[in-house]
Every structure is written in structure tokens, then in C-alpha cells.
1. Only one residue in 161, 174, 183, 141 is free of Cβ contacts under 8 Å to residues at least 40 places away in the same chain and surrounded by 15 or more Cβ atoms within 10 Å (Cβ to Cβ), so which one is that?
2. Read through the list (1) assigned to a helix (DSSP H, G or I); (2) surrounded by fewer than 22 Cβ atoms within 10 Å (Cβ to Cβ); (3) touching a strand residue (DSSP E or B) at 6+ places or on another chain (Cβ under 7 Å), then give the number of the only condition that residue 59 fails.
3. Every residue in segment 24-38 that is touching a residue at least 60 places away in the same chain (Cβ under 8 Å) and under 17 Å from residue 247 (Cα atoms), please.
4. Say whether the condition of being in a loop (DSSP other than H, G, I, E, B) and either farther than 23 Å from residue 89 by Cα or at pLDDT 95 or above (or both) is met by at least one residue in segment 34-41.
5. Which condition number in (1) surrounded by 15 or more Cβ atoms within 10 Å (Cβ to Cβ); (2) free of Cβ contacts under 8 Å to residues at least 60 places away in the same chain; (3) touching a helix residue (DSSP H, G or I) at 6+ places or on another chain (Cβ under 7 Å); (4) not in a strand (DSSP E or B) is the one that residue 109 fails?
6. Starting from residues that are assigned to a helix (DSSP H, G or I) and under 17 Å from residue 162 (Cα atoms), keep the ones in segment 214-263 and report whichever is farthest from the chain's Cα centre (by Cα).
7. Quick check on segment 227-239. Is at least one of its residues more than 22 Å from residue 3 (Cβ to Cβ) and either buried (at least 17 other Cβ atoms within 10 Å of the Cβ) or without any contact (Cβ under 8 Å) to a residue 12 or more places away in the chain (or both)?
8. Which members of segment 74-92 meet the condition of being touching a strand residue (DSSP E or B) at 6+ places or on another chain (Cβ under 8 Å), closer than 20 Å to residue 132 by Cβ and either in a helix (DSSP H, G or I) or free of Cβ contacts under 8 Å to residues at least 60 places away in the same chain (or both)?
């Protein structure tokens, strides 16, 4: 599994992690086993959120006795991201996760609470040792500019965004901003939302052809494409051990420039949207 620097965080992180959105809808024993199998395979970057229902307790069960092996991320709802609300929400997440700290804590998306107040709360959590770094999710360039103006350079660890082959909008400006400013970019829903390219489609055939050349699968090729640039990560969700193993193996796959060009042609970037897409 490839690892790389995660923005302002102080340790290397697996480029392929494990997402947990809707994971609590799977059989709990199977889901816990899948997460543990992923850790065994090097997919030690585990992402969750207070919004994800029972996902945090599920993650807590999976990492019990293995906390130091994982890079643990959770997210605070915008409505809770106030000076007093964020620390309280963080404490609730820590209890559900059965740990005393988060490796990174994210503002899930921008809400009505001023960013300056949220930054103050995040910095207080850092000082208290409750979190080791902080970042954001679903932030466009203008939001990132404003946030950096408030927080200063090298404070934002990451920006977690919607990014898959059918939705490459972040490549217009967001990914470049993150690279220039040392902010990790984390792709959520990296296979799309139930719309991964069908095998018989033009894009599906391109992925299959490249996959065959690497003795890989189309989904592994997709993950390799999304994490092809420095500082880019992906957090696919998988509730079965076989799918976890498939995802983790993508962390060893490196595409050449010709293959990247073929994928870019098969899945065009498109025009820059007025608003950053998000789920």
C-alpha cells in the first residue's frame, strides 16, 4: 500500500482508505470484519462522521486494540461547529469510537456558523490533544481562500470532496489549490453513487482494457486514477472482505501517462460548474 503525507498531519497515510457512510446498514459482524481485514491489508485510513448513524460505534468495535495502527478521521456537522458545540460533538464522537483522540477532525460542510469560530474550536481541540489535525469537507476554492486567511498557512490538513470518474469538477481548481497549499485531497464516493461505468459502455471497456494489462480490476484502475497525483487519497466503502481486498490492492497500482490520458479521454472533465458538487 502506498502512503504519503496528509497535509498538515504529521504522519504518512495510506492512499486508499476505508469509508463508512451507510456501512451501518450492512450486517454488523461482517462490516466489522471487513474493516479489520482492511487494516490488515494496509488500508489504515478510516473515515467516519457523527452524521453516519451507528458507523462510529461500528468503527470503534473494529479498531478496538488496534487504535495506534489507524489514521482515524471523523466529521462535525456544521450546526455543531461552534466554539462550544464542536468540542462537545468531538467528545461524543470519541466516546462512540472508544478512543481519546482523532487523527483528523473535519467540518463536514460549510454552514452558518462563522469560520473563525469553527477554527477557534478546532485549535482548542488541538491544544487539548483531542485531535491531532483538522480539515474540511466540500469546500470550494473561495471557501478555502477564506479559511486559510483566517487560520493561516499549513493549518488545514485536508479537503474531502466528491470525486469519481463521472464527476471530476474538483480538477478545475480545487485539486490545484490543495496541491499548491499542502492540503490533502480526499475523494469520497470514488465509485460514484450507484453509477460506476457499465462493462459494456465505452468507458467501461477502457477501464477493462487497462485493468487487463495490470492484472487488475476496473475499480482498482479507477482508484489508481483518482490517487494519481501527490496528496490525493480515496476512501471507498466496502462491507465485505473481498471488496476491501480489491480496494486495498489498488494502493499498489500505478498508471502510466498513456493510460491516464486514455481515462481522461473516456471520462471528460466537462465545464466548471457554478457550485462544487457534493452528496
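1. Values: 161 fails: free of Cβ contacts under 8 Å to residues at least 40 places away in the same chain; 174 fails: free of Cβ contacts under 8 Å to residues at least 40 places away in the same chain; 183 fails: free of Cβ contacts under 8 Å to residues at least 40 places away in the same chain.
Criteria check complete, one pass: 141.
2. Of everything listed in (1) assigned to a helix (DSSP H, G or I); (2) surrounded by fewer than 22 Cβ atoms within 10 Å (Cβ to Cβ); (3) touching a strand residue (DSSP E or B) at 6+ places or on another chain (Cβ under 7 Å), residue 59 misses just condition (2).
3. Scanning segment 24-38 gives 30, 31, 33, 34, 35, 37, 38.
4. yes
5. Here residue 109 meets the rest and fails (2).
6. Within segment 214-263, the first condition is being assigned to a helix (DSSP H, G or I), and the residues that meet it are 218-226, 241-252, 257-263.
Still in the list and also under 17 Å from residue 162 (Cα atoms): 219, 222-226.
Details: 219: 16, 222: 15, 223: 12, 224: 14, 225: 15, 226: 11 Å.
Per the criteria, the residue is 219.
7. Pass one, segment 227-239, residues more than 22 Å from residue 3 (Cβ to Cβ): 239.
The next check asks that each one be either buried (at least 17 other Cβ atoms within 10 Å of the Cβ) or without any contact (Cβ under 8 Å) to a residue 12 or more places away in the chain (or both); those that pass are 239.
Yes, that holds for at least one residue.
8. If the condition is that a residue be touching a strand residue (DSSP E or B) at 6+ places or on another chain (Cβ under 8 Å), closer than 20 Å to residue 132 by Cβ and either in a helix (DSSP H, G or I) or free of Cβ contacts under 8 Å to residues at least 60 places away in the same chain (or both), then 74, 76, 81, 86, 89, 90 are the ones that fit.
The values are calculated or read from the model by the stated rules, or taken from the named source; none is laboratory data. No experiment lies behind these values; they were computed from the predicted model shown. Cβ atoms come from the backbone with ideal geometry, glycine included; neighbour counts cover every protein chain shown.
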